[in-house]
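These notes are about the structure you will find just below.
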Amino acid sequence: MIVKMKKVLLIVQAHQAKSIIDGLAALGVLHVELQQIPQSQDINILKDEISLLNEAIKILSSIDHERDFRDQHKIDISDWKKTVAHIIDCYKRLNQLKDYSINLRQQIEQWKEWGDFDPNEIARLAQKNIYVQLYQVPIRELNRFPKNVELKIISKKKGMAKCVVFSWGKPEIVFKELSLAKMSLSRMQQRINEDNRLIAQLENQLQQYSCLRQEFVKIRDSLSKELEFQQVLDGMSTVETLAYLKGYIPVFQESLILDFAKKQRCGILIQEPSYDDKVPTLIHNPPWISIISPVFKLLGILPGYHELDISPLFLLFLAMFFGMIIGDAGYGLVYILLTFWFEKKFSKRVRDKNIFKLFYLFSACAVFWGIITATVFGQEWFIKIGFRPLVPVLNDTKFLQTFCFFLGAFHLSLAHGWQALRKAPSAAAFVDVGWLFVLWAAFFYAKTLILNDPLAYFANWFILIGLSLVILFTHPQRNILKMIGEGLSTVALSLMNNFTDIVSYIRLFAVGLAGVAISDTVNNLALTVGSTNQFLKILILFLGHSINIILGPMSVLVHGIRLNVLEFSSHLGLSWSGFVYRPLEK
């Protein structure tokens, strides 16, 4: 449920602005809407400091925390800026050394066949008119070297010869001379050993600093609050000696802001937000519905304040889609075990524990669908050993396709039905009633065109009734011709979309069937190829089913979520234009 908001306008003496904002931050209920773009040197400095802290925290987060946090008292962070700068410098130096070591190893691999020689010695010989030159040429062209040079072949491989030419004076040679390395092989290895010692020292330093990560997080959070405070202060508008700010509060906290204004002797105006106001979205749902919130956070979507919260339906249908797409009780049990392991391992690091509850629910749906269709790590083998599906009709291809079309029509009908209830008693509600008729007509047409079922005799009547309602009530007005014209333009754009949206639900059948087919193929392959080798059989089963288990949630993310976020939401008129309610806090 989207919490109702109130728009608040506070008017204060300009010289009191800082103390008022400080009080609002302590109150922690007002989402501030900046009246102008805040710009100041203090803001730029704070942003730079936060950026440096984020970089240091990221570096320390990538290090294994082998030492206990009690080592922290040994490191002085009174000048945390200097410490952060040192950590960043160490990390950059560390990466440079590692990259250089990789480059040296590649050069050693490239030059090891030539032997250990000093390029500087070759350069000094050239100054005395004694030339040592390296070439890599086709073996069949070795006879093209001049006769007045000494040719030494180092190696022959794959039709190419690596050779060294010794001569008095620089000879005329048709081949391109190889550029020498900058140092000898022994020197390269020496540099690698030196760099490895430096790398170990730098890694040890960063390891010692890793215990400061939490302290840096606290400092960053404190600076972020300070930055927010400064932005609000600089974002206030002023008129002569007065300053004012605008924001939004949940309706149930209206009394808090009123009491605050009274104590601080501020001018205050509380109004209902208009449709044009940029109102933040705050969602409060019962715990059993709130478990869907991690999905919204992952996708970065939120309904606008004037839109609808579809969390209950989103949760219900996404859980159903997960069960249908995974469709395997064995895989569902694996997901339950993995979720249990992740919860035990990372529960303390995860703020939103709803993610674990959500995966338990999704996994249970996969187990349920697998049980009623007799699918446990595949279907063929499970049925062959005597198990039968509890709902055999769900294994009938035509019935399952029909069920997917029905599910699509029902799902989208909920969207238009909800819209109609919102618009009632306005005549505009008849538009959504009309689309309800069109949707179910599209369902019967999908059965006829795709599954070759006879067309229901009332399908055409549904189309006629639905289109009539849409045309007549989209833009009702006295000018009948204009009303019909505008209605027809709406129908032209949306009629085919209704049909394709219902048909798109067949993806639940197709992706689910593909998953079962992969499982059965893996099982058959293991029995055939690994019939004489038990280890090979286990390896095929493990790898094949592991890949399917990994790809399953990705399929849900692509297909199951799409049906909610795109198809259902578009029929509901939901644009996901909201942004999060974030009150000013200390």
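A few notes on this one:
- Figure legend. Inter-residue proximity from the range 233-245: first residues closer than 19 Å to K7 by Cβ and in contact (Cβ under 8 Å) with a residue 40 or more places away in the chain, second residues buried (at least 18 other Cβ atoms within 10 Å of the Cβ) and among the aromatic types (F, W, Y), beta-carbon distance below 7 Å, spacing 6+ or different chains. Indicated pairs: M236/Y244; S237/Y244.
- Residues of the range 459-475 satisfying the condition of being closer than 12 Å to W440 by Cα, within 43 Å of the chain's Cα centre (by Cα) and of a type in the set (V, I, T): I463
- Scanning the range 351-370 for residues that are assigned to a helix (DSSP H, G or I) and among the basic types (K, R) yields a single hit, K357.
- For first residues located in the range 205-226 and in contact (Cβ under 8 Å) with a residue 40 or more places away in the chain, partners that are aromatic (F, W, Y) and lie 6+ apart or on another chain with Cβ distances below 7 Å form the pairs L206/Y91; C211/F69; I219/W80.
- Hey, F340 without any contact (Cβ under 8 Å) to a residue 12 or more places away in the chain and surrounded by fewer than 18 Cβ atoms within 10 Å (Cβ to Cβ) or not: yes
- Residue match in the range 146-165 (condition: out of contact with any Asp or Glu (no Cβ under 7 Å at 6 or more places or on another chain), in a helix (DSSP H, G or I), without any contact (Cβ under 8 Å) to a residue 60 or more places away in the chain and among the aliphatic types (A, V, I, L, M)): no
- Residues that are within 22 Å of the chain's Cα centre (by Cα) and part of a helix (DSSP H, G or I), drawn from the range 291-315: S293, P294, V295, F296, K297, L298, L299, S311, F314, L315
- Answer from K225, K246, K218 - the residue that is outside any helix (DSSP H, G or I) and of a type in the set (D, E, K, R): K246
- Verdict on H73 being part of a loop (DSSP other than H, G, I, E, B), on the phi < 0 side of the Ramachandran plot and at pLDDT below 80: no
- The residue of the range 49-66 that is modelled with the lowest pLDDT, among those that are over 26 Å from the mean Cα position of the chain (by Cα) and exposed (fewer than 14 other Cβ atoms within 10 Å of the Cβ), is E66.
- Residue list for the range 372-399, filter: in a loop (DSSP other than H, G, I, E, B) and either of a type in the set (F, W, Y) or in contact with a Leu (Cβ under 7 Å, 6 or more places away or on another chain) (or both): T373, F377, F387
- Residues within the range 414-451 that are free of Cβ contacts under 8 Å to residues at least 60 places away in the same chain and crowded, with 18+ Cβ neighbours inside 10 Å, tallied: 16
- Among the residues of the range 533-586, those that are in contact with a strand residue (DSSP E or B) (Cβ under 7 Å, 6 or more places away or on another chain) and buried (at least 18 other Cβ atoms within 10 Å of the Cβ) comprise G578, Y581, P583, L584.
- For S519, the conditions (1) at pLDDT 90 or above; (2) not in a helix (DSSP H, G or I) all hold with the exception of (2).
- Candidates in the range 1-37 are the residues that are more than 18 Å from D259 (Cβ to Cβ) and of a type in the set (V, I, T); of these, the one that is surrounded by the fewest Cβ atoms within 10 Å (Cβ to Cβ) is I37.
- Among residues of the range 278-305, those that are crowded, with 16+ Cβ neighbours inside 10 Å and either over 26 Å from I21 (Cβ atoms) or not β-branched (V, I, T) (or both), counted: 17
The values are calculated or read from the model by the stated rules, or taken from the named source; none is laboratory data. This one's a predicted model, so the numbers in the text were calculated from it and none came from an experiment. With ideal geometry, Cβ positions are generated from the backbone for all residues, glycine too; neighbour counts draw on all protein chains shown.
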